[in-house]
Amino acid sequence: MLLTAAFFWLFATVLTLSAVAVVTARNPVHSVLFLILAFVNAAGLFLLLGAEFLAMILVVVYVGAVAVLFLFVVMMLDVDFAELKKGMLATQPTLLVIGLAVAAVVVVELVMTMGGWLHLARPLVAGGVPISPDVSNTQALGMVLYTRYFYLFQGAGFVLLTAMVGAITLTLRHKPGVKRQSIDEQNARTRAGAVEVVKVRSRAGV
């Protein structure tokens, strides 16, 4: 129990400091690296809660794909951050007011949530499908998704597939002068039309 508490405070402290560093870091590459560190520590907290599936998803999806994509985009884009900051200085008072208002709303929501949880008259009862305690978290989640919620799970997959196809269709542009692949022409090619044997005289060059 003492070791679990020590790991909790370690992960929570590093997670909080990393989240603050994401916002306060001057270099955007450093911000993305701190974001990756925050994701890893959040995955550690999920492991302490027994939600190993969420922990692995956080590491594989967010750290391995989303955060790395952010990092590549930030490093590849040649953005003049000095000019960007000069443009933001003119609107800094407005941005400060908006940021303080959003922060105040978040703080009020957190206080209301914690207050309601601390003064709860009865303990929360987990609903849903009863799972055997001998089954792991990942196995239980798979059993529920692929049995009771199978059609909803497949429907969500089709919605995401439709969104992906729509995004590709909207962003696809055919530029003139750019060679494109033609499967029919490739399948119709013969050896006689694809290969030309040329006899070059000695020391004549090509």
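Among the residues of the stretch 26-34, is any modelled with pLDDT of 80 or more, surrounded by 16 or more Cβ atoms within 10 Å (Cβ to Cβ), out of contact with any strand residue (DSSP E or B) (no Cβ under 7 Å at 6 or more places or on another chain) and under 30 Å from Val135 (Cβ atoms)?
no
Mind checking which residues of the stretch 1-21 are among the aliphatic types (A, V, I, L, M) and either surrounded by 17 or more Cβ atoms within 10 Å (Cβ to Cβ) or modelled with pLDDT under 90 (or both)?
Met1, Leu2, Leu3, Ala5, Ala6, Leu15
So Leu172 fits all but one of (1) on the phi > 0 side of the Ramachandran plot; (2) within 36 Å of the chain's Cα centre (by Cα); what number is the exception?
Exception for Leu172: condition (1).
Among (1) open to solvent by 30 Å² or more (accessible area, probe 1.4 Å); (2) assigned to a helix (DSSP H, G or I); (3) closer than 30 Å to Leu141 by Cβ, there is one condition Gly50 misses while meeting the rest; what is its number?
(2)
Say we look at the stretch 75-99 and pick out the residues that are modelled with pLDDT of 75 or more and either over 19 Å from Val20 (Cβ atoms) or within 27 Å of the chain's Cα centre (by Cα) (or both); which of these is least open to solvent (accessible area, probe 1.4 Å)?
Gly99
Among the residues of the stretch 152-166, is there at least one that is open to solvent by 100 Å² or more (accessible area, probe 1.4 Å) and at pLDDT below 80?
Checking the stretch 152-166: not a single residue is open to solvent by 100 Å² or more (accessible area, probe 1.4 Å) and at pLDDT below 80.
Please work out which residue is least open to solvent (accessible area, probe 1.4 Å), limiting yourself to the stretch 173-195 and to residues that are among the small types (Gly, Ala, Ser) and assigned to a helix (DSSP H, G or I).
Ala194
So, in the stretch 35-47, how many residues would count as being open to solvent by 40 Å² or more (accessible area, probe 1.4 Å) and touching a residue at least 12 places away in the same chain (Cβ under 8 Å)?
Here the count works out to 5.
The values are calculated or read from the model by the stated rules, or taken from the named source; none is laboratory data. These figures come from a predicted structure and were not determined experimentally. No Cβ is skipped: glycine too gets one built from the backbone with ideal geometry, and neighbour counts run over all protein chains shown. Areas reflect the complete protein model, heavy atoms only, side chains present, ligands, DNA and RNA absent. Shrake-Rupley method; radii C 1.70, N 1.55, O 1.52, S 1.80 Å.
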